[in-house]
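The structure appears right after this line, and notes come after that.
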Amino acid sequence: MGLGSDDGEIMKCVVIGGSGFIGSRLIPELQSAYDVVNMDKVKSALFGEMTHLMDVRNPDSFSNLLQGVDTVVLLAAEHRDDVTPVSLYHDVNVQGMRNVLAAMNQHGVRRIVFTSTVALYGLDTSAPPKECDQVDPFNEYGRSKWEAECVLQEWVAQGDGRSALVLRPSVIFGEGNRGNVFNLLKQIHSGKFLMIGDGRNQKSMAYIGNVVAFIRFMLETKWEGVEIFNYLDTPDFDMNTLVSEVYRFKGEAIPKLRIPYGVGITVSQLFDLAATVTGRKFPISSIRIKKFCANTMIDGAKLNATGFVRPFSLVEGLQKMLKAEF
């Protein structure tokens, strides 16, 4: 049975940016409870019939589509490490937020779910950051997401029943993912991977099946104002454990050869220079090496206090992705 409004009608949910990895798993999760519409700048390969083409930078392309909507889920973002020009982070992530909220105001939509990022906490924090901790973004993507959160806070502060759920997920992986985790797993599985550093740095990670289940869980919960949650699946992996899980899947022993961190950074800076000179984008960069070798743990106490039960363990999620992709 779907979620209903006070008059018994099924509530309408618009997913903005739902043609991508997260949206492709979130839409089926919500369809049993909502009348779901997808809006994106590209047509969904899975849900083309319910996709309206739009661009968050152009309010005229979508503002009239929010009439009668109860909840907006904003997934659309510029998030790659190598986006050029860098002004796109602001245009899409910050101004895009302003445009969406203005359209929501126009049609009286008062509830939004926003996927932010743990990148706004910075790298190698002294302790796993909590939702209330000070932010220190280490890249333009993280800064733009923090600015978008601030815009959202100001919108909710206007009152009139406005509410926002802000999800700050750790790196999300799963079947169909084509981001950094997929590229890393592909390198490890192909035998072309070399460990940089000692591998003891810990990573908070999030399996997509659990992330979308948590969004559904929270949408069925009443909340007021702004609720911010870190999202991660526990226990945290260190890089040695992550690599060992892939080799366990392959049925092979882990290679012993490792590259010292200093050597890895020096080589990556040469690739940065080459990218600047040639205008090409390379799979190796200093920011990616720093992210790979950093401790990127976050605190999940607030999430755990909600009573949410994850459908899958972290190991189960990783093995499901490996079986599906490799």
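The values are calculated or read from the model by the stated rules, or taken from the named source; none is laboratory data. Note that the structure is predicted; figures quoted are calculated from it, not measured. Neighbour counts run over all protein chains shown; Cβ positions are idealised from the backbone, glycine included.
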Is there a residue being farther than 22 Å from E325 by Cβ and over 18 Å from the mean Cα position of the chain (by Cα) anywhere in the stretch 244-257?
yes
Which of the following residues is under 22 Å from C132 (Cβ atoms) and not in a strand (DSSP E or B): V181, V226, V211, V243?
V211
Within the stretch 27-79, how many residues are in contact (Cβ under 8 Å) with a residue 60 or more places away in the chain and of a type in the set (D, E, K, R)?
3
Out of all the residues in the stretch 228-275, which are touching a Lys or Arg at 6+ places or on another chain (Cβ under 9 Å) and farther than 24 Å from V181 by Cβ?
A274
Restricting to strands (runs of 3 or more DSSP E) lying wholly in the stretch 27-131: which have 1 or more residues that are closer than 23 Å to S163 by Cα and modelled with pLDDT of 95 or more?
35-40, 71-74, 111-115
Condition test on S116, is it hydroxyl-bearing (S, T, Y) and either under 23 Å from D60 (Cβ atoms) or surrounded by fewer than 16 Cβ atoms within 10 Å (Cβ to Cβ) (or both)?
no
